[in-house]
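Comments concern the structure below.
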């Protein structure tokens, strides 16, 4: 299956695009200058912010997934490091200043009407400010793993939140609320999701 091109005319020379098969996929091609449209995944960056073992979620103020709960997150600019994008989005959406830590995981999604993509989620630590609503995120709330809202947003957010819940509960059962136990649980989940050698060979 291939993504439908958003282009009708070549962005380089203005010629009308044609469609042909390249690398076993149908792609838009310029017959004049040879430009080819390669559809690419959208890249988002999000923040995993905890307080006393609870996770910060916002209620989406805009479509898609309006009214659902998600992490502070947004699209990464073309000239921006994803970790910096996560820091920026947190400040824009919540008013919090955070220190961006390590990458938790990358989540592929295909349920966003704006296009398929990956959400890169980083652990973040609050440096200052108080969480407040914005025109993008409403009702900033810290949820314990046992009382997460059921209406989670797509776009990778539902995957990230469920993974956090699994890891936080595993850490609680094994080693109380220790950060070491939580980090180990996250790594175990991430390692279990690595593609098998068979899948890698089939690509």
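The values are calculated or read from the model by the stated rules, or taken from the named source; none is laboratory data. Everything numeric in this text was worked out from a predicted model, so none of it was measured. Cβ coordinates were reconstructed from backbone atoms using ideal geometry, including for glycine residues, and neighbour counts include every protein chain displayed.
Data table
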{"read-out": "Residue check for residue 92: assigned to a helix (DSSP H, G or I) and modelled with pLDDT of 95 or more", "value": "yes"}
{"read-out": "Candidates 86, 106, 61 - the one that is surrounded by fewer than 20 Cβ atoms within 10 Å (Cβ to Cβ), in contact with a strand residue (DSSP E or B) (Cβ under 9 Å, 6 or more places away or on another chain), in contact (Cβ under 8 Å) with a residue 40 or more places away in the chain and closer than 21 Å to residue 155 by Cα", "value": "61"}
{"read-out": "Filter result for residue 99 (within 15 Å of residue 50 (Cα to Cα) and surrounded by fewer than 18 Cβ atoms within 10 Å (Cβ to Cβ))", "value": "yes"}
{"read-out": "Filter result (assigned to a helix (DSSP H, G or I) and surrounded by 19 or more Cβ atoms within 10 Å (Cβ to Cβ)) within the range 146-158", "value": "157, 158"}
{"read-out": "Residue in the range 25-40 that is touching a helix residue (DSSP H, G or I) at 6+ places or on another chain (Cβ under 7 Å) and farther than 24 Å from residue 159 by Cβ present", "value": "no"}
{"read-out": "For residue 27: the one exception among (1) touching a strand residue (DSSP E or B) at 6+ places or on another chain (Cβ under 7 Å); (2) free of Cβ contacts under 8 Å to residues at least 24 places away in the same chain; (3) assigned by TED's automatic domain parsing to the domain that holds residue 10", "value": "(2)"}
{"read-out": "In the range 114-135, residue nearest to residue 168 (Cα to Cα) [restricted to those that are in contact with a helix residue (DSSP H, G or I) (Cβ under 7 Å, 6 or more places away or on another chain) and surrounded by fewer than 17 Cβ atoms within 10 Å (Cβ to Cβ)]", "value": "132"}
{"read-out": "Selected residue (only one of 17, 48 is assigned by TED's automatic domain parsing to the domain that holds residue 182 and either buried (at least 19 other Cβ atoms within 10 Å of the Cβ) or modelled with pLDDT under 95 (or both))", "value": "48"}
{"read-out": "Of the criteria (1) in a strand (DSSP E or B); (2) more than 23 Å from residue 186 (Cα to Cα); (3) without any contact (Cβ under 8 Å) to a residue 24 or more places away in the chain, which one residue 78 fails", "value": "(1)"}
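Every residue, every condition in (1) assigned to a strand (DSSP E or B); (2) at pLDDT 95 or above, yes or no:
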{"site": "106", "(1), (2)": "yes, yes"}
{"site": "112", "(1), (2)": "no, yes"}
{"site": "120", "(1), (2)": "yes, yes"}
{"site": "123", "(1), (2)": "yes, yes"}
{"site": "132", "(1), (2)": "no, yes"}
{"site": "142", "(1), (2)": "yes, yes"}
{"site": "169", "(1), (2)": "no, no"}
{"site": "180", "(1), (2)": "no, no"}
